[in-house]
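As structure tokens, the structure follows; a few thoughts come after it.
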Amino acid sequence: MNVNQFQQELVSFAHSIGIDKIGFASSDPFRELKNRLKRQQELGYQSGFEEPDIEKRTTPTLLLDEAESIISIAIAYPSRMENAPQGKKGERRGIFARASWGTDYHTVLRDRLAKLEQFIASHIIDAKTRSMVDTGELSDRAVAQRAGIGWSAKNCAVITPEFGSYVYLGEIITNLPFAPDTPMEDECGDCRLCLDVCPTGALIEGGQLNAQRCIAFLTQTKTSLPDEFRTKIGNRIYGCDTCQTVCPKNKGKFNMHQIDFQPDPELAKPLLLPLLKMSNKEFKTKFGHVSGSWRGKKPIQRNAILALAHFKEESAIPNLIDLLFKDERPVIRGTAAWAIGKIGTEEGRSALHEALQTETDTEVVEEIHKGLAFQTVN
């Protein structure tokens, strides 16, 4: 079969199975990306979730012998929620970032990519393919940019004209010599809204991110959150959308058409207090199908505690005291102690003094002292 003719058939098939955009790129090494990744490592800006081998991240032929081209796909996800529940005093709510609404995007994109691979295999007998989503070696963003899906923006996302930056990305390396698409011109211009409003200053300059300061990364860590970030995450319990919501290119992009990503409002904006008492089994049953659950319940619970402190929710004090005295995890006990002090009630102050008499973990003791210091200031 003629490759150019098949390429058009593949594009039509991709759209028929719910892929919003598809583009093609060469499998040449990503030399500019390689230099940027080396710089990221030198500066200590990486999150630690990435593939550590820069050669693998930038050389497609190391991942698939005879690689000739890369197929890039994008699937849009919603930017807003219909019938979103509103939190109020006594019933405070957290928020999962939009990328964790609906079914885990890894599951959805892997399914679509597998169908593309099956379609290729059924038409080209000697075709070789290797697909990946997010956790693979290649940079989804660099591939999408080269394949003309969108441009690599200052907020470190790929922005598409049709769907803004609210798109999931995936790719297939193949030995088929598909004709490459033309990369898009950068349309960010002089705009720097995303850099100016980033809550933690994680966006260092256009297209460069210090992941160690990014709230999206910080909400996924399992250790105690550094003090300087605790008051900045607000009620975010997973991820952060600020650099997307302020982007002018995202204005009017609602992307409500993908059924898989329609959010359940009670899961996307869950009540905070029930999260504190949730067992592992309950957490997996309720949140196991969303991407924000991949690190388990501990980070979500820690963030929920910080969110309650953000709201100064006094009704949470009994639950936080319960965690302070009974939870087996030092990170949770320590965060609860800090939150109790931040909320600032007499009941909380008494509990912190009492906990000092029995707590043996040095880090938790330090957090108790921080909590008491808050109450002194208050």
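Laid out as a table, the results:
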| item | result |
| --- | --- |
| In the range 114-150, the residues that are surrounded by fewer than 22 Cβ atoms within 10 Å (Cβ to Cβ), among the hydrophobic types (A, V, I, L, M, F, W, C) and not in a loop (DSSP other than H, G, I, E, B) | 114, 119, 120, 121, 132 |
| Residue match in the range 147-169 (condition: touching a Ser or Thr at 6+ places or on another chain (Cβ under 8 Å), assigned by TED's automatic domain parsing to the domain that holds residue 24, of a type in the set (D, E, K, R) and under 28 Å from residue 259 (Cβ atoms)) | no |
| Any hit, the range 308-315, residues being of a type in the set (S, T, N, Q) and without any contact (Cβ under 8 Å) to a residue 40 or more places away in the chain | no |
| Output for the range 92-111, where each listed residue is charged (D, E, K, R) and not in a helix (DSSP H, G or I) | 92, 93, 104 |
| Residue check, residue 236 outside the structural domain of residue 22 (by TED's automatic domain parsing), touching a strand residue (DSSP E or B) at 6+ places or on another chain (Cβ under 9 Å), at pLDDT 95 or above and buried (at least 19 other Cβ atoms within 10 Å of the Cβ) | yes |
| Residue count for the range 267-292, restricted to those that are of a type outside the set (D, E, K, R), surrounded by 14 or more Cβ atoms within 10 Å (Cβ to Cβ) and free of Cβ contacts under 8 Å to residues at least 24 places away in the same chain | 3 |
| Neighbours by Cβ (under 7 Å, 6+ apart or cross-chain): first from the range 83-103, farther than 16 Å from residue 243 by Cα; second among the hydrophobic types (A, V, I, L, M, F, W, C) and modelled with pLDDT under 95 | none |
| Selection within the range 345-378 - modelled with pLDDT under 95 and surrounded by 14 or more Cβ atoms within 10 Å (Cβ to Cβ) | 374, 375 |
| Long-range neighbours under 6 Å by Cβ, at least six apart or interchain, first residue crowded, with 16+ Cβ neighbours inside 10 Å and modelled with pLDDT of 95 or more within the range 18-32, second in a helix (DSSP H, G or I) and of a type in the set (Ser, Thr, Tyr) | 30/58 |
| Pick from the range 172-190, criterion among the hydrophobic types (A, V, I, L, M, F, W, C) and more than 18 Å from residue 250 (Cβ to Cβ), ranking: surrounded by the most Cβ atoms within 10 Å (Cβ to Cβ) | 173 |
| Unique residue being surrounded by 19 or more Cβ atoms within 10 Å (Cβ to Cβ), aliphatic (A, V, I, L, M) and either on the phi < 0 side of the Ramachandran plot or in contact with an Asp or Glu (Cβ under 7 Å, 6 or more places away or on another chain) (or both) when the list is 193, 169 | 169 |
| Test: residue 69 is farther than 17 Å from residue 167 by Cβ and loosely packed, with under 14 Cβ neighbours inside 10 Å | no |
| Flag for residue 259 being at pLDDT 95 or above, β-branched (Val, Ile, Thr) and more than 29 Å from residue 351 (Cβ to Cβ) | yes |
| Qualifying residue in the range 210-223 (condition: at pLDDT 95 or above, closer than 24 Å to residue 298 by Cβ and more than 16 Å from the chain's Cα centre (by Cα)) | yes |
| Any chance residue 322 is out of contact with any Gly (no Cβ under 6 Å at 6 or more places or on another chain), more than 23 Å from residue 347 (Cα to Cα) and of a type in the set (Asp, Glu) | no |
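The values are calculated or read from the model by the stated rules, or taken from the named source; none is laboratory data. Note that the structure is predicted; figures quoted are calculated from it, not measured. Don't worry about glycine lacking a Cβ; one is built from the backbone with ideal geometry, like all the others, and counts go over all protein chains shown.
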